[in-house]
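Chemist: Here it is: the structure, laid out below.
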Amino acid sequence: MKKIILFGDSLFNGYRAGRDTNVITSGVQKKLGDNAQIINLSLSGATTTAGIQRLNLIREDADIVVLEYGTNDMSNSWGISSSNYAANLNHMVQNIGASRLIITGPSYQDPNNKDIMQYYTLKDMEIYNQIAADCASKNNIPFINLIAHFSQLANLSSYYQEDGQHFTALGNEILINLVAAAIKQKLAQL
């Protein structure tokens, strides 16, 4: 049985109605079936700085680690600089090992939601997403581009909860499908 670690923030925790849920963990597990064990080590509210402090939680025997950071990093209120994000992401890649990683870029925030957009800019979303994509590319790591997938959706706000940041059931289903597909592709290469 392959061990798959989900390592990120509230998106991987299926944050809903003010609390973490297992919707992403169970959704990915269902898509992968009994040949994989999904272990979710995500921490809601975390940036890559917190991720680095928690690297010791990642098991040595994990076959795949799906890294999902950047959304909190790019906040202009509680985030970190783009250069620190790049350095932290590279540190995590070196520590975990590129050969067993999948990188998920930061999430697109609902631009129709004025409350959340006071903490994010479209330009910063592009910058942080490009940093994640570049890190993945230079290390030959599969990349899940959430911004590209979500920014093109019709009726965009229906994929987000009222906070404009966390996904509804529709948004979570897209996330689950993207993550499961990337894991299946990576498993086929092992």
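The values are calculated or read from the model by the stated rules, or taken from the named source; none is laboratory data. These figures come from a predicted structure and were not determined experimentally. All Cβ positions, even for glycine, are placed from backbone atoms using ideal geometry, and neighbour counts span all protein chains on display. Ligands, DNA and RNA are excluded from the accessible area calculation, which covers all protein heavy atoms including side chains. Shrake-Rupley method; radii C 1.70, N 1.55, O 1.52, S 1.80 Å.
Chemist: Non-local amide H neighbours of Lys2 (under 5 Å, H modeled in plane, Pro and chain starts lacking H): which ones?
Modeler: Ala36, Gln37
Chemist: Kindly write out, for the stretch 45-52 in residue order, the coupling ³J(HN,Hα) from the Karplus curve 6.51 cos²θ - 1.76 cosθ + 1.60 (θ = phi - 60°), rounded to whole Hz, with x marking Gly and Pro.
Modeler: Karplus-based 3J(HN,Hα) across the stretch 45-52 equals x, 6, 10, 5, 4, 5, x, 4 Hz.
Chemist: Now for a separate question. Report which label in (i) 29, 18, 16; (ii) 24, 19, 15; (iii) 34, 24, 17 holds the value of semi-axes √(5λ) of the Cα gyration tensor in Å derived from the coordinates of this structure.
Modeler: Evaluating semi-axes √(5λ) of the Cα gyration tensor in Å on these atoms matches (ii).
Chemist: Ok, one more. Would you mind telling me which residue in Ser158, Ser83, Ser42 has the biggest mean-square fluctuation in a Gaussian network model of the chain, where springs connect alpha carbons within a distance under 10 angstrom?
Modeler: Result: Ser83 has the largest fluctuation of those listed.
Chemist: Which residues' amide hydrogens lie under 5 Å from the amide hydrogen of Arg16, considering only partners 5 or more residues apart or on another chain, with H built in the peptide plane?
Modeler: Thr21
Chemist: Which whole-Hz ³J(HN,Hα) couplings does the stretch 153-159 yield from phi under the Karplus relation 6.51 cos²θ - 1.76 cosθ + 1.60, θ = phi - 60°, glycine and proline marked x?
Modeler: Rounded to whole hertz, the list is 6, 6, 6, 3, 4, 6, 8.
Chemist: Where in the chain are the DSSP H helices whose alpha-carbon span along the long axis reaches 18 Å or more and whose Kyte-Doolittle mean is at least 0.0?
Modeler: Details: long enough: 82-96 (21 Å, -0.37); 122-138 (24 Å, -0.28); 169-189 (30 Å, 0.77).
Sorted by number, the helices that extend far enough and score high enough are 169-189.
Chemist: If you count only protein heavy atoms with a 1.4 Å probe, what accessible area per residue comes out for the chain, rounded to a whole Å²? Spell out each step's value before the answer.
Modeler: Working: 8630 Å² over 190 residues.
Result: 45 Å² per residue.
Chemist: For the stretch 66-136, what % of the accessible area comes from carbon and sulfur atoms, probe 1.4 Å? Can you show the working numbers first?
Modeler: Details: 1280 of 2770 Å².
Here carbon and sulfur together make up 46 percent of the probe-accessible area.
Chemist: Follow-up question, since we're still on this one. Relative contact order (percent) for the stretch 99-184, with alpha-carbon contacts under 8 angstrom and 6 or more residues of separation?
Modeler: Details: 100 pairs, mean separation 31.5, N = 86.
Dividing the mean separation by the residue count of the stretch 99-184 yields 37 percent.
Chemist: With no solvent and one equal point scatterer placed on each C-alpha of the stretch 113-190, evaluate the Debye formula and give log10 I(q)/I(0) for q = 0.15 Å⁻¹, two decimals.
Modeler: The Debye formula, applied to the Cα set alone, gives -0.64.
Chemist: Take every Cα pair under 8 Å in the stretch 1-139 that's 6+ residues apart, average their separations, divide by the length, and report that relative contact order as a whole percent.
Modeler: 24 percent.
Chemist: Tell me, what ³J(HN,Hα) does each residue in the stretch 143-152 have, in order and in whole Hz, if you take phi through Karplus 6.51 cos²θ - 1.76 cosθ + 1.60 with θ = phi - 60° and put x for Gly and Pro?
Modeler: Using θ = phi - 60°, the values come out as 10, 9, 9, 5, 4, 4, 6, 7, 5, 8 Hz.
Chemist: Suppose R0 equals 35 Å; then what is the FRET efficiency for His91 and Ser157 from their Cβ-Cβ distance, rounded to the nearest 0.05?
Modeler: On the way: r = 35 Å, r/R0 = 1.01.
Calculated transfer efficiency: 0.50.
Chemist: May I pose another question? What nm distance separates the two modelled labels at Ala188 and Ala169, each placed 7 Å from Cα along Cα→Cβ?
Modeler: Result: 3.0 nm between the two label points.
Chemist: Sticking with this structure for a sec: Which cross-chain or sequence-distant (5 or more) residues have an amide H under 5 Å from the amide H of His166, H modelled 1.01 Å from N in plane?
Modeler: Here Gln161 satisfy the definition.
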